[in-house]
Amino acid sequence: MLENGRGYLRSPALVFPIPSVIRLIYVIRRPRPQGRLSRRDVFLRDHYACQYCGRHTHDLTLDHVIPRKRGGPHDWANVVAACKACNHRKAGRTPEEAHMRSPGHRSVDLQPLPSFYHYLDSQMEWRKFVPGYDVDLGFS
Ligand SMILES: [Zn+2]
């Protein structure tokens with residue numbers, strides 16, 4: 001047990017913690033559920049930084065790297081966090097056409113882990129284990 005977030009179960013003789021975060025001794029492999037594409041999950045994946053200029057801001061938009069009008073899909077690989085200035089500058093163009101840096105993470109792990117982020121509102125003790133969540137997001 002790494003975190004006890006929920007108190008204890010008590011029997012007349014014994015007290016058992018109720019774990020909120022545990023470390024597994026071995027990895028349990030299971031199919032990865034397809035997470036739904038949400039603004040918050042994209043922003044968290046991108047660490048609340050604009051993927052064009054790198055600026056950290058609370059004022060982000062979702063940007064389709066290849067614009068939707070040009071056939072760009074609405075999926076994890078094609079949607080990134082962008083600040084309003086970069087989104088406006090890029091408009092309906094590809095990064096190359098707009099002479100902007102192409103988001104760098106697109107070849108790595110594009111989809112975040114299953115969308116458990118909404119639990120973080122109630123499970124305070126989980127937050128320190130989620131990369132990017134310790135950024136001051138203004139909605140804690
Ligand atoms: Zn930007």
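The values are calculated or read from the model by the stated rules, or taken from the named source; none is laboratory data. In this text, all values refer to a predicted model and were calculated from it rather than measured experimentally. Backbone-built Cβ (ideal geometry, glycine too); neighbour counts: all protein chains shown.
Inside the range 28-48, can you point out the residues that are at pLDDT 85 or above and out of contact with any Phe, Trp or Tyr (no Cβ under 9 Å at 6 or more places or on another chain)?
Selection gives 39, 43, 46, 47, 48.
Which pairs turn up if I take residues in the range 79-99 that are of a type in the set (S, T, N, Q) and look for partners that are part of a strand (DSSP E or B) with beta carbon separation below 9 Å, at least 6 apart in sequence or on another chain?
87/60; 87/61; 87/62; 87/63
Determine whether the range 48-59 contains at least one residue that is surrounded by 10 or more Cβ atoms within 10 Å (Cβ to Cβ) and aromatic (Phe, Trp, Tyr).
Yes, the range 48-59 contains a residue that is surrounded by 10 or more Cβ atoms within 10 Å (Cβ to Cβ) and aromatic (Phe, Trp, Tyr).
Whether any residue in the range 1-23 is loosely packed, with under 14 Cβ neighbours inside 10 Å, of a type in the set (Asp, Glu) and in contact with a Lys or Arg (Cβ under 9 Å, 6 or more places away or on another chain) is what I want to check.
There is no residue in the range 1-23 that is loosely packed, with under 14 Cβ neighbours inside 10 Å, of a type in the set (Asp, Glu) and in contact with a Lys or Arg (Cβ under 9 Å, 6 or more places away or on another chain).
Quick check, is residue 81 within 14 Å of the chain's Cα centre (by Cα), modelled with pLDDT under 95, away from the ligand (no atom under 14 Å from the Cβ) and at negative phi?
Values: within 14 Å of the chain's Cα centre (by Cα): yes; modelled with pLDDT under 95: yes; away from the ligand (no atom under 14 Å from the Cβ): no; at negative phi: yes.
Criteria not met by residue 81.
Somewhere in the range 120-137, is a residue at pLDDT 80 or above, over 30 Å from residue 22 (Cβ atoms) and not in a helix (DSSP H, G or I)?
No, the range 120-137 contains no residue that is at pLDDT 80 or above, over 30 Å from residue 22 (Cβ atoms) and not in a helix (DSSP H, G or I).
Just for strands (runs of 3 or more DSSP E) wholly inside the range 1-65: which have at least 3 residues that are away from the ligand (no atom under 16 Å from the Cβ)?
The qualifying strands (runs of 3 or more DSSP E) are 3-10, 15-21.
Name the pairs: first residue in the range 1-18 and in contact (Cβ under 8 Å) with a residue 40 or more places away in the chain and among the small types (Gly, Ala, Ser), second residue part of a strand (DSSP E or B) and surrounded by 10 or more Cβ atoms within 10 Å (Cβ to Cβ), Cβ to Cβ under 9 Å, at least 6 apart or on different chains?
Sorted first by the residue in the range 1-18, then by its partner, the pairs are 5/18; 5/19; 5/20; 5/21.
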